[in-house]
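Visitor: Can you keep this structure in mind? I'll have questions shortly.
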C-alpha cells in the first residue's frame with residue numbers, strides 16, 4: 001500500500017451503538033486501521049437509538065476507549081429525552097457535540113485527512129475551523145441531507161432559520177476538499193446545490209460485518225419466541241423508530257387487516273427497535289388493541305437474527321416527502337440476509353428506485369395504509385412473488401465491503417497524496 005495516512009474520523013455515532021450510522025463509522029475505522037493507516041475516531045458517548053446515555057457516561061466530559069486497535073475519543077453532548085426530540089433540542093444536541101469535539105480535536109495529533117460524517121451538519125463548520133488551525137484535508141461524508149429532510153418532515157418551516165441551515169450546508173460543501181454521499185440521489189442533489197463535479201464522490205454504505213444476518217436455519221425459533229403462529233405471514237420492521245420512518249402506517253394497515261376477520265393465513269406485523277417516536281407508536285398500538293401487530297425493543301443480536309430468519313419479508317417505511325433525502329441502510333442488511341422487501345415510500349424516493357432496479361420486492365405509496373394492507377393480504381393468499389423477490393436479493397452484492405471501502409480508501413490516498421480533487425468516483 002502507499003504511505004500510511006494520519007486520519008481522524010469525526011462523527012457523533014460509533015459502537016457500541018448497533019443501528020444507524022454507527023456501524024459504518026466503526027467498520028470504516030477498523031478497515032482503515034487494518035490497511036495500516038493511523039486512525040482515530042472523534043465521537044460522542046453512545047446514546048442512539050434509545051436517546052439515552054448509559055448511567056456510567058452521565059456527566060463525563062471526555063473519555064478515550066480502544067476498539068479494533070483504534071483510539072475512540074468520546075466527548076460530552078446534550079441528549080434530549082426520547083420522545084421529546086424537538087427541533088430546538090436537536091439543534092442543541094448537535095451543537096454541544098460540535099463544541100466539545102472541536103475542543104478535543106485541538107488536543108489530538110494532527111491529521112492529514114479529516115473524514116467528517118454528517119449529520120450533524122454543524123460539523124462542517126467546526127471541521128473547517130480546526131483545519132484552519134491545524135491543517136489537513138476535509139472529506140465531508142453525507143449520510144442524510146439534513147436540511148432537506150427537516151423541511152420535508154415539517155420539522156422546520158421555510159423562513160430565516162431554514163435559510164440559515166442551507167447556508168451552513170453550502171458553507172460545509174464549499175470548504176470541504178471532497179463531498180461524498182451514499183446514493184445516486186444525493187449525487188444529483190450535490191450537483192443541484194453547486195458542488196463541483198471534481199469534489200463529488202459516491203461512497204455508499206456497504207454490507208460487511210452485518211452480512212448474512214438471518215441465515216441461521218429454517219426453523220421457527222424467532223416466531224416461537226414472539227408467539228407468532230408458524231402459518232402466519234410474518235412481516236418484520238426493525239431499526240430506528242423515528243419521524244422520518246412514518247411507522248404509523250403499519251398500525252393503520254394492521255387495523256385494516258384485522259377488520260377482515262379470520263383469514264386462511266393471517267398476517268402479523270412485528271416492529272422491533274428504539275427511537276424518538278417509540279413512545280407515540282407504543283401508545284397507538286396499545287390504544288388499537290390489535291393482536292396482529294407487536295412492538296418489541298431493540299433486540300439482542302441473536303434474537304434479531306432468529307426473528308429475521310423466520311420472517312417472510314422485511315418492511316421498510318418512509319414518511320411522505322422524505323425519500324429523496326436519505327437512503328435506508330437497513331435495506332442492505334435485509335437483502336444480505338436474503339429477505340424480500342415490501343417498501344412504503346414515495347415513487348421518486350431512492351428506496352423505490354432501488355427496489356425497481358433490483359427487483360427484490362415491491363413499493364406501496366408512502367402513508368397509504370390501504371395499499372399496504374392490500375399488498376400484505378395478497379401475499380398472504382399467494383406468497384409466490386416472495387420466492388421470485390428472494391432470488392433477486394443478490395443485487396446487494398454490489399455493496400460488498402471490500403469493494404466499497406477499497407474504492408473509498410483509494411480516494412482518501414489520492415486526496416492526501418496530491419491535494420487535487422479527482423473526478424466523481426465511478427462504481
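Visitor: Under 18 Å from residue 273 (Cα atoms), in contact with a strand residue (DSSP E or B) (Cβ under 9 Å, 6 or more places away or on another chain) and buried (at least 20 other Cβ atoms within 10 Å of the Cβ): is that true of residue 23 in this structure? First the steps, then the outcome.
Guide: Working: under 18 Å from residue 273 (Cα atoms): yes; in contact with a strand residue (DSSP E or B) (Cβ under 9 Å, 6 or more places away or on another chain): no; buried (at least 20 other Cβ atoms within 10 Å of the Cβ): yes.
No, not satisfied.
Visitor: Which numbered condition in (1) within 24 Å of the chain's Cα centre (by Cα); (2) free of Cβ contacts under 8 Å to residues at least 40 places away in the same chain is the only one that residue 68 fails?
Guide: (2)
Visitor: Still on this structure, please answer the following. Give me the pairs, please: first residue somewhere in the stretch 212-235 and in the same structural domain as residue 301 (by TED's automatic domain parsing) and exposed (fewer than 15 other Cβ atoms within 10 Å of the Cβ), second residue anywhere and modelled with pLDDT of 85 or more and part of a loop (DSSP other than H, G, I, E, B), beta-carbon distance under 8 Å, and either six or more positions apart or on two chains.
Guide: Matching pairs, first to second residue: 229/266; 231/266.
Visitor: Can I ask one more? Can you report the number of residues in the stretch 274-309 which are crowded, with 16+ Cβ neighbours inside 10 Å and within 19 Å of the chain's Cα centre (by Cα)?
Guide: Count: 10.
Visitor: Another question about this same structure. Of the conditions (1) in a helix (DSSP H, G or I); (2) more than 18 Å from the chain's Cα centre (by Cα); (3) at pLDDT below 95, residue 353 satisfies every one except a single condition; which number is it?
Guide: Result: residue 353 passes all but (2).
Visitor: Within the stretch 127-150, which residues are in contact with a helix residue (DSSP H, G or I) (Cβ under 6 Å, 6 or more places away or on another chain) and free of Cβ contacts under 8 Å to residues at least 40 places away in the same chain?
Guide: Of everything in the stretch 127-150, those that are in contact with a helix residue (DSSP H, G or I) (Cβ under 6 Å, 6 or more places away or on another chain) and free of Cβ contacts under 8 Å to residues at least 40 places away in the same chain turn out to be 130, 147.
Visitor: Of the residues 84, 63, which single one is assigned by TED's automatic domain parsing to the domain that holds residue 102, surrounded by fewer than 16 Cβ atoms within 10 Å (Cβ to Cβ) and either more than 24 Å from the chain's Cα centre (by Cα) or within 22 Å of residue 403 (Cα to Cα) (or both)?
Guide: 63
Visitor: Which residue out of 282, 309, 302 is out of contact with any strand residue (DSSP E or B) (no Cβ under 6 Å at 6 or more places or on another chain) and farther than 22 Å from residue 360 by Cβ? Full working, then the answer.
Guide: Working: 282 fails: out of contact with any strand residue (DSSP E or B) (no Cβ under 6 Å at 6 or more places or on another chain); 309 fails: farther than 22 Å from residue 360 by Cβ.
One residue alone meets the criteria, 302.
The values are calculated or read from the model by the stated rules, or taken from the named source; none is laboratory data. These figures come from a predicted structure and were not determined experimentally. A quick note on method: Cβ atoms are made from the backbone with ideal geometry, for glycine too, and the neighbour counts reach across all protein chains shown.
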